[in-house]
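The next block holds one structure in the form of structure tokens; read it before the comments.
The values are calculated or read from the model by the stated rules, or taken from the named source; none is laboratory data. All values reported here derive from a predicted model rather than from experimental measurement. We place every Cβ from the backbone using ideal geometry, glycine too, and count neighbours over all the protein chains shown.
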Amino acid sequence: MEREKWPSRWSFVFAAIGSAIGLGNVWRFPYSCYKYGGGAFLIPYFVALLTAGIPLMILELSIGQKMRLSAPMAFTKINKKWGWVGWFAIFLSLGIVIYYTVVMAWCLVYLIHSFTLAWGDNASEFFIHDFLGLSSGPGDLGGVSIPIVIALAISWLMIYFIICKGVQRVGKVVYITVPLPIILLIILFIRGATLTGAGNGIEYYLKPDFDALTDSDVWLGAYAQIFFTLSLASGIMIAYASYQPKKSDIANNGIIISLANCGTSFFAGFAVFSVLGYLAYSEGVAVGELKGVGGPGLAFIAYPTAISMLPTAAKLVGIIFFLLLISLAIDSAFSMVEAFASGISDAGVKQSRAVKYTCLSGFLVGIIFCTGAGYYWLDIVDTFLNEFGLVLVGVLECIIVGYILGTWKVRKYVNKVSEFEIGKLWDVCIKYITPVILGIVILDNLYQRGKGYEDYPTWALITGGWFLIFALLIVAFILNRRYRKWD
Ligand code: PHE
């Protein structure tokens, strides 16, 4: 049967941009900037974009487009021994989307709370106690939050209806889900820039601290962020590119997708840091001393706190902010489901069944994250899947293309179909620069995590972290053995 195709080139480019631009841009990026001292983060971030982000984006787009298969079967076709890398990648997508949709559900509930500014003047208390019903630790599950479960069901239903008819419908939906958040972001930027103290926030964001460049953590943080934000190493770009006609451009598309995404992050930084500047001004502290800005607290504590202090249009700003997060998250979420569902449908499961069962099981497993201990588990799973999972797949992709398939073959194909040619520097990145840097990222993480993780007990890290990663790897090996025969 002829493989489905995108309705047009721009449908594909928009869908890929929509996948890349997500919660990572408005929440994870500013939070990483904040954590690593503002301006100090931007230089490593753009270096990581050039040396790992763009080269890997081009690599993934060419594998998908050339093989016209999603990740598991594409890697099996390159070399039967390595198909598990593709399986592992799509299981990472499934794992990430299960908690990603929970954060989306939080945004839906907060959207409704914005109409009444329900968090009052203590957003942190509201988030932790009233909203999450946070338990005493990962071992104490507490109750299930019904509003969050309902919002989770709504999120999954939206995802299901968008992708159940294949990429034809996705290709149309992204004409709304990509421009809408950008318009909302511009509105928030204008509101933020006109607040007192905004300038201090932006200064903190942009002022480079060259001393921080010698700190390896900053570099590692930047590489990990580039992976997450560009939706790399999760089978998504391979699956999306597999619906492209074989002669489509690769190099230019890859650069457009990467720059559009990172440009949006850079812009979002202005919108968020201007509000942080205002928050610091209102609380009479320096921007670098704000509390609760790292992690999810940025979207659900710091931002709501600032919103309730606004002199005018507070509710409207709240509504726009949470609509922004939902419209950012939805196209990233369905891209992950699509990567997984198209992976199993290439192995022989009917596409419509694959989508239905993926959505249903994603929803059911996600309920774990709606319990009182859900927040802890979400944090643990998020850390491990990103820091180890995605980065590991990235290294393996470089090894497979660099040393088994041959970078020159891929480059020849890219240069034949693309609007401009990529040079030998690309080979150097894939064979040497990217895998070496990512290897260091993994080793450093192993070292850091090996020392323990102050927030959580070891048994929780073993179950939600190490065990999860190994279980997914084992499932990937088993599926690879089974479908090697099938092939
Ligand atoms: N890129 C998306 C974001 O920035 C999230 C994502 C990560 C999607 C990994 C797929 C894989 O929010």
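Taking the conditions (1) within 28 Å of Ile422 (Cα to Cα); (2) surrounded by fewer than 24 Cβ atoms within 10 Å (Cβ to Cβ); (3) more than 14 Å from the ligand (Cβ to nearest atom); (4) not small (Gly, Ala, Ser) in turn, Phe266 satisfies each one other than (3). Among the residues of the range 387-438, those that are closer than 26 Å to Gly95 by Cβ and not hydrophobic (A, V, I, L, M, F, W, C) comprise Glu387, Gly389, Gly394, Glu397, Thr434, Pro435. Does Lys291 meet the test of being closer than 30 Å to Ser70 by Cβ and either within 11 Å of the ligand (Cβ to nearest atom) or not in a helix (DSSP H, G or I) (or both)? The answer is no for Lys291.
The number of residues in the range 223-253 being surrounded by 22 or more Cβ atoms within 10 Å (Cβ to Cβ) and more than 15 Å from the ligand (Cβ to nearest atom) comes to 6.
The residues listed here are Asn480, Asn445; of these, the one that is modelled with pLDDT of 90 or more and either within 30 Å of Ser135 (Cα to Cα) or assigned to a helix (DSSP H, G or I) (or both) is Asn480. Whenever a residue of the range 217-228 is under 18 Å from Ser258 (Cβ atoms), its partners that are of a type in the set (Val, Ile, Thr) and in a helix (DSSP H, G or I), lying with C-beta atoms within less than 8 angstrom and at least six residues away or across chains, give the pairs Ala222/Val47; Tyr223/Val391; Tyr223/Ile437; Tyr223/Val441; Ala224/Val391; Ala224/Val441; Phe227/Val391.
Taking helices (runs of 4 or more DSSP H) as the structural unit, those lying wholly within the range 300-372 and holding at least 3 residues that are closer than 24 Å to Ala71 by Cα and not hydrophobic (A, V, I, L, M, F, W, C) correspond to 314-346, 351-366. In the set (1) under 21 Å from Leu180 (Cβ atoms); (2) within 16 Å of the ligand (Cβ to nearest atom), Ile307 fails one condition alone, (2).
Selection of first residues in the range 19-44 that are more than 10 Å from Pro208 (Cβ to Cβ) and modelled with pLDDT of 90 or more and of second residues that are assigned to a loop (DSSP other than H, G, I, E, B) and within 9 Å of the ligand (Cβ to nearest atom), restricted to Cβ pairs under 8 Å at least 6 apart or on distinct chains, gives the following pairs, ordered by first then second residue: Ser19/Ser231; Ala20/Leu230; Ala20/Ser231; Gly22/Ser231. Does Thr51 count as surrounded by 24 or more Cβ atoms within 10 Å (Cβ to Cβ), under 29 Å from Ala241 (Cβ atoms) and of a type in the set (Val, Ile, Thr)? So Thr51 fails the test. For the range 406-430, what are the residues that are within 28 Å of the chain's Cα centre (by Cα), in a helix (DSSP H, G or I) and buried (at least 17 other Cβ atoms within 10 Å of the Cβ)? Hits for the range 406-430 are Thr407, Val410, Arg411, Val414, Trp426, Asp427, Cys429, Ile430.
Regarding the range 110-125, can at least one residue be identified that is under 22 Å from the mean Cα position of the chain (by Cα) and more than 13 Å from the ligand (Cβ to nearest atom)? Yes, some residue in the range 110-125 is under 22 Å from the mean Cα position of the chain (by Cα) and more than 13 Å from the ligand (Cβ to nearest atom).
Of the helices (runs of 4 or more DSSP H) contained entirely in the range 26-83, those carrying at least 1 residues that are aromatic (Phe, Trp, Tyr) and closer than 24 Å to Tyr432 by Cβ fall at 42-48, 71-78.
In the range 35-47, the qualifying residues are those that are of a type outside the set (Gly, Ala, Ser) and surrounded by 24 or more Cβ atoms within 10 Å (Cβ to Cβ), and the one that is nearest to the ligand (Cβ to nearest atom) is Tyr45. Among the residues of this structure, Ser124 counts as one that is in contact with a helix residue (DSSP H, G or I) (Cβ under 7 Å, 6 or more places away or on another chain), more than 25 Å from Trp10 (Cβ to Cβ) and modelled with pLDDT under 95.
The condition of being over 22 Å from Asn386 (Cα atoms) and surrounded by 12 or more Cβ atoms within 10 Å (Cβ to Cβ) holds for Gly402. Set side by side, the residues Ile238, Ile255, Ile183 differ, and just one is closer than 24 Å to Leu111 by Cβ and assigned to a helix (DSSP H, G or I), which is Ile183. Do we have Phe384 as modelled with pLDDT of 95 or more and over 21 Å from Ile238 (Cβ atoms) here? Here the answer is no, as Phe384 does not meet what is asked. Output yes when any residue across the range 46-61 is closer than 25 Å to Asn200 by Cβ and in contact with a Cys (Cβ under 8 Å, 6 or more places away or on another chain), and no when none is. Taking every residue of the range 46-61 in turn, at least one turns out to be closer than 25 Å to Asn200 by Cβ and in contact with a Cys (Cβ under 8 Å, 6 or more places away or on another chain). Close Cβ contacts (under 6 Å, 6 or more residues apart or on different chains) running from residues in the range 91-103 that are among the hydroxyl-bearing types (Ser, Thr, Tyr) and within 8 Å of the ligand (Cβ to nearest atom) to residues that are modelled with pLDDT of 95 or more and assigned to a helix (DSSP H, G or I) comprise Ser93/Met336; Ser93/Ala339; Ser93/Phe340; Tyr100/Ala333. Scan the range 440-460 and give yes if some residue there is hydrophobic (A, V, I, L, M, F, W, C), under 26 Å from the mean Cα position of the chain (by Cα) and within 19 Å of Ile54 (Cβ to Cβ), otherwise no. Yes; the residues of the range 440-460 include at least one that is hydrophobic (A, V, I, L, M, F, W, C), under 26 Å from the mean Cα position of the chain (by Cα) and within 19 Å of Ile54 (Cβ to Cβ).
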